[in-house]
1. Within the stretch 291-310, track down each residue that is farther than 17 Å from Met94 by Cβ and within 16 Å of the ligand (Cβ to nearest atom).
2. Output the strands (runs of 3 or more DSSP E) that fall wholly within the stretch 1-53 and possess 1 or more residues being in contact with a Gly (Cβ under 6 Å, 6 or more places away or on another chain) and surrounded by 20 or more Cβ atoms within 10 Å (Cβ to Cβ), or say none.
3. Need the failing condition index for Ile288 against (1) assigned to a helix (DSSP H, G or I); (2) more than 16 Å from the ligand (Cβ to nearest atom); (3) open to solvent by 10 Å² or more (accessible area, probe 1.4 Å), just the number.
4. Determine whether the stretch 349-359 contains at least one residue that is open to solvent by less than 10 Å² (accessible area, probe 1.4 Å) and outside any helix (DSSP H, G or I).
5. Go over the candidates Thr195, Thr266 one by one and state the one that is more than 26 Å from Met349 (Cα to Cα) and β-branched (Val, Ile, Thr).
6. Just to confirm my filter: which helices (runs of 4 or more DSSP H) fall fully inside the stretch 87-151 and include at least 2 residues that are crowded, with 24+ Cβ neighbours inside 10 Å and either touching a helix residue (DSSP H, G or I) at 6+ places or on another chain (Cβ under 9 Å) or in contact (Cβ under 8 Å) with a residue 40 or more places away in the chain (or both)?
7. Could you list, in sequence order, the residues of the stretch 236-255 that are farther than 18 Å from Glu199 by Cβ and more than 22 Å from the chain's Cα centre (by Cα)?
8. Considering only the stretch 75-86, how many residues are open to solvent by 30 Å² or more (accessible area, probe 1.4 Å), within 16 Å of the ligand (Cβ to nearest atom) and either free of Cβ contacts under 8 Å to residues at least 60 places away in the same chain or touching a Leu at 6+ places or on another chain (Cβ under 6 Å) (or both)?
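The values are calculated or read from the model by the stated rules, or taken from the named source; none is laboratory data. Here the structure is a predicted model, which means the values were calculated and not measured. When we count neighbours, we look across all protein chains shown, and the Cβ atoms used for this are built from the backbone with ideal geometry, even at glycine. What goes into the accessible areas is simple: the full protein's heavy atoms, side chains included, and nothing from ligands, DNA or RNA. Shrake-Rupley method; radii C 1.70, N 1.55, O 1.52, S 1.80 Å.
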Amino acid sequence: MEKADLLLINAHVLTMDTEFRAFPAGAVAVRNGAILAVGPQSELLRDLRAEDTVDCRGAVAMPALINAHTHAAMSLLRGLADDLRLDVWLLGYMMPVERQFVAPDFVRLGTRLACAEMIRGGVGTFADMYYFEDDVASAAAEAGLRAVCAQTVMKHPTPDSDSFEDGLERARAFLKKWKGHRLIVPAVAAHAPYTCTEEILRACTALAIEHGVALHVHLAETAAEVDSMRREFGMPEVPYLRNLGMFAAKVTAAHGVHLDEGEIRTIWKAGAGLAHCPTSNLKLASGIAPVAKMLEIGLAVGIGTDGAASNNDLDMFEELRLAALLAKGSSGNPTAVPARTALMMATRMGAHALHLGAVTGSLEPGKRADLLLLDLQGVHSSPGFQRSTDSVYSRIVYSAKACDVTDLMVDGKWLLRGRALQNLPEADLLHQAAETARRLDAFLELRESSVLSKLVAIETATEEESFEVQVKVKVPADFPILQRLDNPELEVLYQRRYREYDTYFEFAAADQGRLRYREDQYVADSGEPTNARYRLTLTGPTREREFTGAVLLSRSRFLAPATRSRRFYREYFQPVRIIEVVKNRLRWQIRFRGTEFYVNFDAVSKPALPGSFLEVKSRTWSRRDAESKAGMIVEIVRLLGAGDAEAFREDYVEMAGKE
Ligand SMILES: [Zn+2]
């Protein structure tokens with residue numbers, strides 16, 4: 001008689017194997033951390049002698065769930081910033097906070113917290129992509145979970161690597177260290193096509209192939225990302241990656257929201273897997289992945305929670321239910337992705353998508369003993385029907401909750417027993433997480449209290465203390481400026497013409513200053529627009545002083561190139577008031593008595609202001625210089641015949657605000 005280490009009896013066993021064999025009065029035998037036998041209880045009791053027997057009291061015994069894509073350590077960022085657009089969320093909050101806080105200790109704590117949550121929810125294997133992946137791997141191994149840990153490489157500096165070369169070296173060392181581990185499967189992550197260069201994508205692919213490990217990548221998550229890929233390379237992401245040779249590696253792609261049928265076929269032929277992340281895609285309004293089409297083609301589609309910062313939990317029961325529901329709602333077909341299929345995606349197919357199909361994902365002899373016990377006796381999943389063998393799948397997918405998981409075993413070891421975590425100090429983790437949250441709160445509170453620190457967090461701003469002497473005069477629209485400039489005392493150095501679009505963001509506290517988003521559209525002499533320039537200027541409160549009818553402005557300014565859209569800045573800075581000013585500007589640089597000045601001649605079309613505005617100004621650095629320039633400015637205005645240089649102090653912005 002064969003010997004088992006452990007025999008689970010009195011269980012409703014769902015094998016999730018290719019035939020979906022189920023044993024309502026079933027048993028599972030475990031030996032050396034692997035599944036020895038699965039079948040009717042009577043047979044196993046007859047054929048096996050077990051060291052230890054566990055009575056499952058009618059619970060469902062099924063494969064532990066596979067979370068096919070997450071960023072475990074981000075559990076510490078759960079709920080930090082929600083209800084934001086992807087770019088504002090990522091570039092405005094996640095990345096600045098990660099730059100500041102993500103270090104080995106943070107990653108370990110976050111991963112342990114995530115492991116506690118996943119173990120409670122029946123997850124036996126998770127695929128991770130983050131920084132300091134060595135610490136993710138240690139934490140997961142200590143918790144006893146199986147994990148595919150992918151060390152991230154990208155073109156931007158990350159919390160663990162100053163350059164992509166550093167990231168690649170870190171990945172290489174990581175692969176060497178963890179290869180062959182009982183629970184940890186090391187991998188490489190090329191973060192995403194848009195955060196990597198071609199060189200990085202090629203290097204990551206080569207590294208993955210060299211070590212025979214999986215290559216993880218975020219793929220076609222948003223429409224905007226796919227559009228910009230088309231603009232830049234003339235093709236969507238999958239052909240682009242195929243041309244670089246990426247699919248020669250064992251790829252697992254996350255999201256795949258915006259893939260067409262041809263692209264799905266390409267990744268299917270390549271033997272790649274896909275991680276569907278329904279909650280994250282909904283929460284960030286990325287869209288709904290064409291899962292029914294993927295399954296029809298035969299692609300291995302697993303289900304992932306994504307990080308807890310964009311979900312905001314690691315509950316695979318919610319995720320697999322949503323996968324079933326979304327496929328129906330988005331296709332208008334209630335037969336799409338039935339319950340059993342959804343559960344398969346979260347188990348056997350998920351393992352396949354992670355290239356672990358031979359190891360886990362179903363209860364079959366030879367596979368590792370990764371299984372969970374699920375109590376379906378709760379009020380929310382009662383009663384149970386026996387008429388159809390499929391009804392148990394619908395109870396699991398549509399009724400059961402993560403908290404119905406009572407026990408979890410990974411690699412033959414219990415990680416959860418009677419709802420008690422076996423090797424993670426839950427209370428201690430919660431306490432440490434709360435401590436970390438306090439530090440993050442303090443950091444963001446300080447940052448959010450100042451427009452300047454928010455600006456510095458996302459753009460490289462340079463400070464410039466500037467003094468300007470200027471006069472602004474209102475003149476009739478038909479003021480003959482060209483004629484007046486034709487004066488022997490005024491030497492014109494150059495002339496420019498552009499259209500200026502200014503958006504002013506104003507904040508509740510006046511001492512925050514005013515942030516201007518400016519788009520300069522240069523216009524050629526022919527009237528054709530040429531190049532554009534985008535800039536951000538944060539102007540401190542103006543300190544004004546008058547000199548002989550001219551105004552001296554003294555203020556500190558912070559300048560930054562505007563690398564994002566106006567919409568991004570509006571959503572990120574959240575001004576209390578927005579003022580738009582559009583003007584056609586003619587600008588001359590002139591020389592008067594050996595000193596250079598700017599003359600601006602503006603027609604303001606938004607708000608529609610009557611007449612034109614003549615501005616004469618100059619930069620200055622000292623009070624004496626300011627006084628002498630102020631005097632010259634008054635003379636220039638007189639020479640131009642634009643009145644007696646009574647300073648016209650109202651600003652366009654104030655005029656626009658009065659509208
Ligand atoms: Zn992700």
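1. Answer for the stretch 291-310, where residues must be farther than 17 Å from Met94 by Cβ and within 16 Å of the ligand (Cβ to nearest atom): Val301, Gly302, Ile303, Gly304.
2. Filter on the stretch 1-53 gives 2-14, 22-31.
3. With (1) assigned to a helix (DSSP H, G or I); (2) more than 16 Å from the ligand (Cβ to nearest atom); (3) open to solvent by 10 Å² or more (accessible area, probe 1.4 Å) applied to Ile288, the lone miss is (1).
4. Among the residues of the stretch 349-359, at least one is open to solvent by less than 10 Å² (accessible area, probe 1.4 Å) and outside any helix (DSSP H, G or I), which makes the answer yes.
5. Step by step, each of Thr195, Thr266 is checked, and only Thr195 is more than 26 Å from Met349 (Cα to Cα) and β-branched (Val, Ile, Thr).
6. 104-120, 133-143
7. Pro239, Lys250
8. 1
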